[in-house]
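Everything below concerns the one structure shown next.
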Amino acid sequence: MDQSSSTAAGQQRASERSSAEQQSMDLLFDLAQLLNTGLSREQLRICTDLIQAGENPEAVATIVKELRKEATKQR
């Protein structure tokens, strides 16, 4: 395999991975909507990034709840 075909194969794998990640996020967002979480796509992405980085999912959920409480107090 020459370098150009190797590069093309790598780009295709990266594109497929990106597409799969987008599909996963779309499904996760749909589920979040069904569960009425109130999380935007960006907020959901941040939460999933934290969990994938090793943060405890329950701790992330607790922080989201606390931030919501603080936000409603300030209104």
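What follows draws every value from the coordinates through simple rules; no lab data is involved. All figures in this text were calculated on a predicted structure; none of them were measured in a lab. Here Cβ is always computed from backbone atoms with ideal geometry, including for glycine, and neighbour counts include all displayed protein chains.
With Cα atoms as the point set, the chain shows a radius of gyration and Dmax of 17.8, 62 Å. Computed from label points 7 Å out along Cα-Cβ, the spacing between ALA61 and THR48 is 1.8 nm.
Quick check on the chain: helices-only [θ] at 222 nm, where DSSP H runs of length 4 and up contribute -39,500 (n - 2.57) each and the sum goes over total residues. Nearest 500, please.
Values: 3 runs with 61 residues, N = 75.
Dividing the helical sum by the residues of the chain leaves -28000 deg cm²/dmol.
Using the alpha-carbon atoms, what tilt in degrees (0 to 90, nearest 10) does helix 57-73 show relative to the longest principal axis of the chain? In the chain, helix 57-73 runs at an angle near 50 degrees to the longest axis.
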